[in-house]
Amino acid sequence: MAEVPPEQIFSKGGQPYSFNQTPASSSRKESDGDTKAPLPKGVVLDKDGKPCRTCTSVAAWRNLTKQAKADSSSSPSNTTSTTPTTPLAAPATSSPSTIPPDCPPDVEQLGRSTWSLLHSMAATYPEKANTEHQDNMRGFLKFFSKLYPCWVCADDFQTWMAHPSGRNQPKLGGRKDFGWWLCEAHNEVNRKLGKEEFDCRFWEERWRTGWKDGRCD
Ligand SMILES: Cc1cc2nc3c(=O)[nH]c(=O)nc-3n(C[C@H](O)[C@H](O)[C@H](O)COP(=O)(O)OP(=O)(O)OC[C@H]3O[C@@H](n4cnc5c(N)ncnc54)[C@H](O)[C@@H]3O)c2cc1C
């Protein structure tokens, strides 16, 4: 899939969301008066005001670490970490867009792993789920959507699930319904990020049975 520029990674209501655009629902604190150089574009802050690695793409994170190194070499006495108050349209970095596999995940790596987990849970969900199984999954999704380590992703996921019409509530009666619902949830994020939508008719081939052409055998 096409790489999404870091500054477009997050969006709220269709608008690009960058680190200094705190969602209305968030309780992110501003810095306590510190006005050092602004963070590079695409870096998302945690609710405590510190850069959130699991909310940020590797490209934007690299710009941040580069900037931190430049800052510390140009003013060695000023070493405390800061929270920005204004955005900076940072030039694109030429650093590679992947990180070694034994580093903390960025937002994309975390996302891929998480979708694998979620779709695999759908793939192994009972064809017809009893009440206890449905309740367990409902509880899992409720807590997952609160605890997902990329908090802006989590906020948006919760908002999507809680659509006032009720149309996005998890469909937990059985595997087909749940797998389709999850595919639609994933497509919601794909749309937000400007990615191609997945044809949900194929979710079981992708995540459960393997493709009919035998490439997964
Ligand atoms: C709940 C959640 C919310 C997220 N929110 C954000 C966000 O706000 N901002 C952000 O930058 N990132 C977010 N992410 C991460 C993002 O969705 C991607 O995981 C990440 O950008 C890497 O994308 P990718 O192109 O490698 O494929 P992924 O989107 O990770 O998909 C992995 C694989 O799943 C398959 N697939 C794709 N779409 C579907 C579908 N609809 N149904 C079934 N299978 C499918 C494809 O084979 C694909 O290769 C979120 C992740 C999760 C789990």
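In this simple spin-label approximation, Glu127 and Phe198 carry label points 7 Å from Cα along the Cα→Cβ vector, and these lie 2.3 nm apart. Averaging Cα coordinates gives a centre for the stretch 52-71 and one for the stretch 141-217; these two points are 29 Å apart. As a quick test, which of the pairs Lys142/Lys171; Lys128/Lys195; Lys146/Lys192; Lys47/Lys195; Lys142/Lys192 have an alpha carbon distance above 25 angstrom in this structure? In this structure, Lys128/Lys195; Lys47/Lys195 exceed 25 Å between Cα atoms.
Each Cα pair under 8 Å and six or more residues apart adds its separation to the average, and for the stretch 107-209 the resulting relative contact order is 33 percent. Taking the Cα centre of the stretch 107-209 as reference, the dipole from Cβ charges on Lys and Arg (+1) and Asp and Glu (-1) amounts to some 120 debye.
All of the numbers you see were taken from the coordinates with simple rules; none came from a lab. The model shown is predicted, which means the values in this text are computed figures rather than measured ones. When we count neighbours, we look across all protein chains shown, and the Cβ atoms used for this are built from the backbone with ideal geometry, even at glycine.
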